[in-house]
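Since the structure comes first, as structure tokens, the remarks are kept for the end.
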Amino acid sequence: MKKSIMMMLSVLAFTVFMNVQTVNAQDKKEEWPGVTKKVLTDNDKVNVAEVTFAPGAVADWHSHPQYSVYAVTNLKMKTEIKGKDDVTIELKAGQVGWSDAVTHKTTNVGTKPFTVIVTEIKQ
């Protein structure tokens, strides 16, 4: 029994190590001026990315499947969804938001940069 548990823990540790190596290998990219995105992991279940917005930066129209947002820093952003009123969202560092699948435009309307971890759930 102990050998089975040790073997499972060894496999788990190796898997975690390989995922960490993959995370470190990802490059940051900037699709929109002032918005940087660093993919932390991307597999058939989830896409997890660290995204930073400079003050005034805009992530132009783009889509997400259902997803969560974890605020690494305090943030104030405007979200535009076609056919709906614009919404200003404020999160404190450590707070989490959730959204169903959406196509939107996001703007940092705060005076400081903000960073979020976006976790997209793949179907």
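Worth a mention:
- When T107, T73 are screened for being within 17 Å of A57 (Cα to Cα), of a type in the set (S, T, Y) and touching a Phe, Trp or Tyr at 6+ places or on another chain (Cβ under 7 Å), only T73 passes.
- The residue that is nearest to E30 (Cα to Cα), among those in region 54-71 that are surrounded by 15 or more Cβ atoms within 10 Å (Cβ to Cβ) and of a type outside the set (G, A, S), is V58.
- Residue match in region 81-93 (condition: on the phi < 0 side of the Ramachandran plot, hydroxyl-bearing (S, T, Y) and open to solvent by 60 Å² or more (accessible area, probe 1.4 Å)): yes
- The condition of being among the basic types (K, R) and modelled with pLDDT of 95 or more holds for only one of K37, K29, that being K37.
The values are calculated or read from the model by the stated rules, or taken from the named source; none is laboratory data. Note that the structure is predicted; figures quoted are calculated from it, not measured. Cβ atoms come from the backbone with ideal geometry, glycine included; neighbour counts cover every protein chain shown. These accessible areas exclude ligands, DNA and RNA; they are computed on the full protein's heavy atoms, side chains included. Shrake-Rupley method; radii C 1.70, N 1.55, O 1.52, S 1.80 Å.
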